[in-house]
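Let me begin by presenting the structure, written as structure tokens, before commenting on it.
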Amino acid sequence: MDRRHFLNLAAVGGGAVFASGLAGCAQAQRMAKSDDKDFYFVQLSDTHWGYEGPANPDARVTLRKAVAAVNALPTPPEFIVFTGDLTHTTDDPAERRRRLAEFERIVADLQVKTVRFMPGEHDASLDHGAAFKELFGDTHYTFDHKGVHFVVLDNVSDPGARIGDEQLAWLKADLDKLDRKAPLVVLTHRPLFDLAPKWDWATRDGAQAVALLMPHENVTVFYGHIHQEHHHMTGHIAHHSAKSLIFPLPAPGSQPNRTPLPWDPSAPYKGLGFREIEAEDAGRTYAVTEFPVVRA
């Protein structure tokens, strides 16, 4: 999918397109083994499977509609990543496992070979990620794709909203192996910076992770948790949050409590969506396109 086709697709889908400096795509050219260096992936977040309430009376089918929307993309993504809160929180360990298993069965219909997962606090904070690990494996890990190094961080399994010393040491060891010019993408659930700490929109030791990332010249962070699109810079590091697939939340600090925005019967999926993220070789940019759950 070339740049022109990508922009045309975004215009048809009604998405907003912006570009930011690609984290080291020139370096990716030298490192990648594939002849085709362009690629794109899809980020979905905060599906909250198991939620029932007025903020989304259509909750039993919203995830399935999102799966259908992704499957309808003209060009399949090379992989898909869910950035946490796969399920809605429950105190019952058996119910937690049941919801995770139901979620897994629904997303198995995605017509993409590689689908990656990470937990949110709704999935993992009450049992330190035990149920998540049983179904999906490690809560933090790395992978590489066409010269881009991806790091998945877990800032939710600790109920205190911390990454923790052990994982920070693991992160440092991983980063120490990399060329500091190499393109690096971090995937996490909570923001690594203090967006709205009173609303739990922060990671208590996130500044330590950012400090470890700062010497690397080409870093981009994609996260979820806040149920809305948001863009922020810490130095040269760009942080981009994803919309939710269950209900939108208010702008950071815009009201006393972090309550879901009311369901609008005239626009039932307003504020919900997923995104495509394209790593463009020729343009040296990441193009991020936001799509609604229900597409024209």
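The values are calculated or read from the model by the stated rules, or taken from the named source; none is laboratory data. Note that this is a predicted model, so its numbers are computed, not measured. Note that each Cβ is placed from the backbone with ideal geometry, even for glycine, and that neighbours are counted across all protein chains shown. These accessible areas exclude ligands, DNA and RNA; they are computed on the full protein's heavy atoms, side chains included. Shrake-Rupley method; radii C 1.70, N 1.55, O 1.52, S 1.80 Å.
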Report summary line: Per the C-alpha gyration tensor (a ≥ b ≥ c, the square roots of its eigenvalues), region 36-101 is rounded if a/c is under 1.5, else prolate if a/b beats b/c, else oblate; here it's prolate
Report summary line: If every Lys and Arg gets +1 and every Asp and Glu gets -1 at its Cβ, then about the Cα centre the chain yields a dipole, in debye to the nearest 20, of 520 debye
Requested in this report: Grab the DSSP H runs of the chain that are 4 residues or longer, score each as -39,500 (n - 2.57), total them, divide by all residues and round the 222 nm result to the nearest 500 deg cm²/dmol.
Outcome: -7500 deg cm²/dmol
Requested in this report: First measure r as the distance between the Cβ atoms of ASP174 and HIS128, then evaluate 1/(1 + (r/R0)^6) with R0 = 25 Å and state the FRET efficiency to the nearest 0.05.
Outcome: 0.70
Report summary line: From the Cα centre of region 164-221 to that of region 78-140, the distance in Å is 22 Å
Query raised in the report: Roughly how many nanometres apart are two label points built 7 Å out from the Cα toward the Cβ at GLU78 and ALA196?
Result: 3.5 nm
Query - Label-point separation in nm, GLU52 to LEU135, each point 7 Å along Cα→Cβ - result: 1.7 nm
Query - Antiparallel content of DSSP bridges confined to region 125-214, in %, to 5 - result: 60 percent
Query raised in the report: Normalized C-alpha radius of gyration of region 69-206, against 2.2 N^0.38 Å?
Result: 1.10
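Kindly give Rg over Rh for the chain, based on alpha-carbon atoms, with the Kirkwood expression for the hydrodynamic radius.
Rg/Rh for the chain comes to 0.94.
Dividing the convex hull volume of the Cα atoms of region 211-296 by its residue count, what figure in Å³ per residue is obtained?
Dividing the Cα hull volume of region 211-296 by its residue count gives 123 Å³.
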Report summary line: Carbon plus sulfur, as percent of the 1.4 Å-probe accessible area of the chain, comes to 52 percent
Report summary line: For region 73-139, inverting the pair-averaged 1/r of distinct alpha-carbon atoms gives a Kirkwood value in Å of 12.4 Å
Report task. Output the peptides 44-57, 182-195, 264-277 sorted from most to least packed, where packing is the average of other Cβ atoms within 10 Å over each peptide's residues. Result -> 182-195, 44-57, 264-277
Query raised in the report: How many lysine pairs in region 49-183, separated by 8 or more positions in sequence or lying on different chains, have Cα atoms less than 22 Å apart?
Result: 6
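With the other protein chains left in place, how much accessible area per residue, in square angstrom, belongs to the chain at a 1.4 angstrom probe?
Accessible surface, normalised per residue, equals 43 Å².
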